[in-house]
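Accompanying notes for the structure given below.
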Amino acid sequence: MDKKRNILIREMMELIEQVKDIQSQIDVTFRAAYAALQKANMELGIAFVEQVSYTVPVENSIRIKTRSVMGTEIPLVEYDKQTTNTPTYAYYSTRMSLDEAKSRLRKGKKELSIQLSGIENAAIRLAANIKKDTETCQCSQKHHNPQI
């Protein structure tokens, strides 16, 4: 039981390190993305940027697979990393600031958020399994070692 718990804890510590890295990347990326979006809003107008936002296609390339770590199902989130840079809006009516905001938001929202959600979900599942395993271990020690 201790071996299993140690393996699960080690796996969870690795996931926590990944979460810290991704969260710092998300912070940097979103700051830059929202600054670019703010610039686009000032140059083109909020109403126009909102209209253009409705042309962004729905993301349907996300697939979730699972792997097992000591009986705990860990989600593996996969998605198509190839992106087409073909805008869904006309070049003549927009500015470069809108293109920059779109590319930065795509990186932050799609890539980093998908990675973070998969890792956080895995950490939650591992934590629940570690807690359950710890309770089982404590319970079995009480019942198998009666005091005389």
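Computed from the coordinates by the stated procedures, all read-outs in this text should not be read as laboratory data. The shown structure was predicted, so the numbers you read here are calculated from the model rather than taken from an experiment. Cβ: placed from backbone, ideal geometry, glycine included. Neighbour counts: every protein chain shown.
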Relative contact order, percent, the chain [alpha-carbon distance under 8 Å, six or more residues apart] | 40
Counting each DSSP H run of 4 or more residues in the chain as -39500 (n - 2.57), what helix-only mean residue ellipticity at 222 nm follows after dividing by all residues, to the nearest 500 deg cm²/dmol?
-> -22000 deg cm²/dmol
Sequence neighbours fewer than 8 away in the same chain don't count; with that in mind, list the aspartates and glutamates whose C-alpha is under 15 Å from LYS102.
-> GLU43, GLU50, GLU59, GLU111
Set LYS4/LYS109; LYS81/LYS131; LYS20/LYS132; LYS20/LYS81; LYS65/LYS131; LYS65/LYS107, cut-off 31 Å on Cα-Cα distance; pairs above it are LYS4/LYS109; LYS81/LYS131
Round to the nearest 10 and give me the degree value, 0 to 90, for the angle of helix 2-44's Cα axis relative to the longest principal axis of the chain.
-> 10
Neighbourhood net charge (12 Å Cβ-Cβ; Lys/Arg +1, Asp/Glu -1) for LYS107 = +4
Spin-label point model (7 Å from Cα, Cβ direction): what's the ARG95 to ARG63 distance in nm?
-> 4.2
Under 1.5 on a/c is rounded, so check that first for segment 1-52, then, if it is not, pick prolate when a/b is larger than b/c and oblate when it is not; a ≥ b ≥ c are the square roots of the alpha carbon gyration tensor eigenvalues.
-> prolate
Which angle between 0 and 90 degrees, to the nearest 10, do you get for helix 113-144 versus the longest principal axis of the chain when only C-alpha atoms count?
-> 10
